[in-house]
Amino acid sequence: MSIAGLVREAADRALADAGMTMDDIDAVVIGKAPDMLEGVMMPELWLAEALAAAGKPVFRVHTAGSVGGSTAIVAAQHVMSGVHKRVLTVAFEKQSDGNAMWALSVPVPFGMPVHAGAGGYFAPHVRAYIRRSEAPGYIGAMVAVKDRTNACANPFAHLHEPDWTLEAAMESPMLWDPIRFVETCPSSDGAAALVIAAEDVADSLPGPKAWIRATAMRSEPTMFAGRNQVNPQAGQDCAADLWRKAGIADPRREVDVAEIYVPFSWFEPMWLENLGFAGRNEGWRLVEDGVTDLRGGSLPINPSGGVLSSNPIGASGMIRFGEAAMQVMGTAGEHQVDGARTAVGHAYGGGSQFFAMWVVGAEKP
Amino acid sequence: MTDEMADGPGYAIADDGSFTAPLNLAYPYSRTVGPIYGAFLTGLANHKVGATVSADGTVFVPPAEFHASTGERLDNWVDVANEGEVVSWSWEADPDDSQPLNRPFAWVLVRLDGADTAMLHALDVTDTSSVRTGMRVRVRWAADAEPGIHAIACFEPVEIAGGGPS
């Protein structure tokens, strides 16, 4: 499949789900991770043809791995501004066309080397988290088994591996100590698309819809003295802004389900803390206690199987946002969380420096 | 600056004392091109030039996967001739190793007979007086045609009976 075909398939499904065609769409917002992952520069110009967007405003968003989330938020802002009524937003990555791991690890002379792709970059953050929080070593494996098991209930997840046990996960080969193979996202090709519409348009459409209650984005530099890379300030600020805008005082109790960007399993407890679902150094306890389980947990995290089971990088954030929407629409199928009324989509990117989040609800705010 | 500092890969201290290091960017890209371009590129290896046809009857060569104006998904397939007409051209006086011919040649946009759009390729002529808009050209197939655009070695002028190149 070509990149154009991949993007078009996602767009066609989103439009069909919304009961629209491209003729109804006022503008298109496209996101993907850095262009050098496929070696196609500014693909949004060329993809306008595949999206039947010739003559329509097309806007491109760049925020590294968080881009799928940021792109959905920019699309929402196109509508919130009152300029457009119906916006199609699409995000994609086709990792098989390039080599993302090495594209992210250019050994620039005299600079700090990133080495060994994203896993090599993030492993020290994970080690620091384990040291600070005194989390047991098996927490990462617990998250991996949960997400890989959840993925089996999601026909769109790329990895369907039903047989993982905690014991087997703990035996999985070590890639970047302490990150094991099973605790690592795959390299995927994929695309996601959403249709975001104004309130009056949404009111006129039959069927369930997800109401956007709040959106937030924040960023910070990759490196600065005293930076907290385990619990970045930009993420904390983004979450605080999100809860304030959504009118959520206690996210742990008021949110029913969250799809958060967990490319390496240890990021689940780390982001639970960064988002304010758990206190400092307490995120791993929610994992250990089964709070984040799809069945029986009071705050299921990544019922779709998450980034750990499908990682078309540019699309991964939008998949989180779309999965959150499907949960409150009640259309998540086998991985539906019973009674989900309030859901969070979350994405991060770069060196844990870009954050994008939204809260969607089943009821109109 | 001491020699000990120059211990990275390829690091060196130049005669003027400046510290130097190489940065060679290279990424191993590959493409899966999908059903339409894939069929086109595979067809070339079998000496067939494929095209897609839109609902309004436009014949696209190279085949388009989607109509540029309407977004129509194009999967109606026809073969066109391997001979056609030069629509526009530009002279390549100093070709490099990556180009189709290792001697000066013309880049041409060729509209093959039966097609409505033109494709870019090289035309094997010796000088600018041998190429003009409207001239007839045909595909010269590569000796061992593999799937891909290089299955077309280049285009060559069509000789008109009783005359020179048209």
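Any read-out appearing in this document is the output of simple, stated calculations on the displayed coordinates, not a laboratory observation. Please read all numbers here as calculations on a predicted model, not as lab measurements. Neighbour counts run over all protein chains shown; Cβ positions are idealised from the backbone, glycine included.
In a reduced charge model with +1 at each Lys and Arg Cβ and -1 at each Asp and Glu Cβ, the protein assembly as shown shows a dipole moment near 1280 debye about its Cα centre.
Picking from B:43, B:148, B:71, which is most flexible by a Gaussian network model of chain B using Cα springs under 10 Å? Highest fluctuation among the options: B:71.
Taking other residues whose beta carbon is less than 14 angstrom from the beta carbon of residue B:139, and scoring Lys, Arg as +1 and Asp, Glu as -1, yields -1. Taking a Cβ cut-off of under 10 Å around residue A:303, the surrounding Lys, Arg, Asp and Glu residues balance to a net charge of -3, with basic ones at +1 and acidic ones at -1. Computed extension gain for residue B:30 through residue B:113, at 0.36 nm per residue and net of the alpha carbon distance, reaches 26.7 nm. For residue A:26 and residue B:98, a Förster radius of 45 Å and the Cβ-Cβ distance give a FRET efficiency of 0.60, rounded to the nearest 0.05.
Each Lys or Arg adds one and each Asp or Glu takes one away; over the other residues whose Cβ falls under 9 Å from the Cβ of residue A:4, this sums to -1. The stretch B:88-166 and the stretch A:152-213 have their alpha-carbon centroids 49 Å apart. Each of A:299, B:123, A:166 has some number of other Cβ atoms within 10 Å of its Cβ, and from fewest to most they run A:166, A:299, B:123. Rounded, prolate or oblate for the stretch A:214-365? Axes are the square roots of the Cα gyration tensor eigenvalues, ordered a ≥ b ≥ c, and the cut-off for rounded is a/c under 1.5. Cα axes put the stretch A:214-365 in the rounded bin.
For chain A, the longest principal axis of the alpha carbon atoms and the long axis of helix A:67-80 meet at an angle near 40°.
Ordered by the number of other Cβ atoms lying within 10 Å of each residue's own Cβ, fewest first, A:87, A:108, A:58 fall into the sequence A:108, A:58, A:87. When shorter helices are ignored and each DSSP H run of at least 4 residues is given -39500 (n - 2.57), the per-residue value for chain A at 222 nm works out to -11000 deg cm²/dmol.
About its Cα centre, the stretch B:34-157 has a charge dipole of approximately 220 debye under the convention of +1 per Lys or Arg Cβ and -1 per Asp or Glu Cβ, with nothing else charged. The lysine pair tally for chain A, using Cα distances under 16 Å and a gap of 8 or more places or different chains, is 5. The magnitude of the dipole of the stretch A:146-230, with charges of +1 and -1 set on the Cβ of Lys/Arg and Asp/Glu and taken from the Cα centre, is near 280 debye. Of the residues A:238, B:154, the one with the fewest other Cβ atoms within 10 Å heads the list, and the complete ranking is B:154, A:238.
Across the stretch B:34-157, the relative contact order, built from alpha-carbon pairs under 8 Å that are at least six residues apart, equals 25 percent. Against chain B, whose longest principal axis comes from its Cα atoms, helix B:34-45 is set at around 80 degrees.
What shape does the stretch A:75-187 have by the C-alpha gyration tensor, where a ≥ b ≥ c are the square roots of the eigenvalues, rounded means a/c under 1.5, and otherwise prolate means a/b greater than b/c and oblate the rest? Oblate. The distance from the alpha carbon centre of the stretch A:247-324 to that of the stretch A:10-32 is 28 Å, rounded to a whole number. Of the residues B:80, A:207, A:107, the one whose Cα sits farthest toward the positive end of the charge dipole of the protein assembly as shown, with +1 on the Cβ of Lys and Arg and -1 on the Cβ of Asp and Glu, is A:207. Helix A:233-246 and the long axis of chain A differ in direction by around 50°, with both axes built from C-alpha atoms.
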